[in-house]
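A.B. asks: Quick one: the structure is below, and I'll ask about it shortly.
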Amino acid sequence: MKRMETLKKIADGGIIAVIRAETAEQGLKIAEAVRAGGIHALEITMTVPGAIEIIKALAEQYKGTDVLVGAGTVLDPETARLCILAGAEYIVSPCLNPDTVRLCNRYRIPILPGIMTMKEAIEALELGVEICKVFPGSAFGPSVISAFKAPLPQGNFMPTGGVSLENVGDWLSAGAVAVGTGSELTRGAKTGDYTQVTEMAGKFVEAVRQARL
């Protein structure tokens, strides 16, 4: 049940914040700023120094709340298991690795693997993936979602990379179940302006809401 609840929260929220940072401290600050802006699905990427410890700290901090703590840029099952044991509630990968999918299935943890082709999308569905991450979205544009869903209407697709305030509505209108965004959302953190990160998160939340009216 927890797996399905997590997937429902991702779909209902409509947006995952992809958090990349230069230090663990910055990563924690970005996560709090994003949450304060109303985005409740946090993806801590493995490129952040001390990412596993950040996941553990956030999982403990937000335990019992509506905040979802996930791990991103997970390349293999070994890393996925470490993230899950640290408290990650979902796993995101830039590519489709069947062994990683099977590991997550074993623990009943949702995994959103990156796909670029119809063949990969079908393989992901056959492995039991509920949401396929279309990555990088900037290489395709919103129309790729409807292109995937034409032969695979049963599939759920989420773009990451190339999602902006200007086009988030286009992605959702094309049939995306949710979107993932990082660079535009967290740009303020580069100058230490976490208020800007919170404000941008609020704008993304509103853009998703408007797109779904």
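A.B. asks: Residues in region 189-213 that are free of Cβ contacts under 8 Å to residues at least 40 places away in the same chain and under 16 Å from Ala21 (Cα atoms): how many?
C.D. replies: 5
A.B. asks: So, one more: Where the second residue is of a type in the set (Phe, Trp, Tyr) and the first is more than 19 Å from Ala88 (Cβ to Cβ) and lies in region 23-41, which pairs have Cβ atoms under 8 Å and are six or more apart or on separate chains?
C.D. replies: Lys29/Tyr194; Ala33/Tyr194; Gly37/Phe204
A.B. asks: Let me ask something else. Check whether at least one residue in region 151-162 is in a helix (DSSP H, G or I) and more than 19 Å from the chain's Cα centre (by Cα), and report yes or no.
C.D. replies: No.
A.B. asks: I need the full set of residues from region 139-150 which are within 18 Å of the chain's Cα centre (by Cα) and not hydrophobic (A, V, I, L, M, F, W, C), in order please.
C.D. replies: Gly141, Pro142
A.B. asks: Among the hydroxyl-bearing types (Ser, Thr, Tyr) and touching a Phe, Trp or Tyr at 6+ places or on another chain (Cβ under 9 Å) - does that describe any residue in region 146-159? Reasoning before the result, please.
C.D. replies: Filtering region 146-159 down to residues among the hydroxyl-bearing types (Ser, Thr, Tyr) leaves 146.
From the residues that got through so far, the ones that are touching a Phe, Trp or Tyr at 6+ places or on another chain (Cβ under 9 Å) too are none.
Scanning region 146-159 turns up no residue that is among the hydroxyl-bearing types (Ser, Thr, Tyr) and touching a Phe, Trp or Tyr at 6+ places or on another chain (Cβ under 9 Å).
A.B. asks: Which residue out of Ile30, Ile44 is of a type outside the set (Ser, Thr, Tyr), outside any helix (DSSP H, G or I) and under 14 Å from Ser183 (Cα atoms)?
C.D. replies: Values: Ile30 fails: outside any helix (DSSP H, G or I).
Unique residue meeting the criteria: Ile44.
A.B. asks: Can you find a residue in region 107-127 that is modelled with pLDDT of 95 or more, farther than 20 Å from Ile10 by Cβ and basic (Lys, Arg)?
C.D. replies: Yes: one or more hits.
A.B. asks: To continue, here is another question. Which condition breaks for Ile44 when tested against (1) crowded, with 23+ Cβ neighbours inside 10 Å; (2) more than 11 Å from the chain's Cα centre (by Cα)?
C.D. replies: Looking at each condition in turn, Ile44 falls short on (2).
A.B. asks: Related question: Could you check region 1-31 and list, in sequence order, the residues that are within 18 Å of Phe204 (Cα to Cα), surrounded by fewer than 17 Cβ atoms within 10 Å (Cβ to Cβ) and more than 12 Å from the chain's Cα centre (by Cα)?
C.D. replies: Once the filter is applied, which keeps residues that are within 18 Å of Phe204 (Cα to Cα), surrounded by fewer than 17 Cβ atoms within 10 Å (Cβ to Cβ) and more than 12 Å from the chain's Cα centre (by Cα), region 1-31 yields only Asp12.
The values are calculated or read from the model by the stated rules, or taken from the named source; none is laboratory data. As the structure is a computational prediction, the values presented were derived from the model and not from experiment. Don't worry about glycine lacking a Cβ; one is built from the backbone with ideal geometry, like all the others, and counts go over all protein chains shown.
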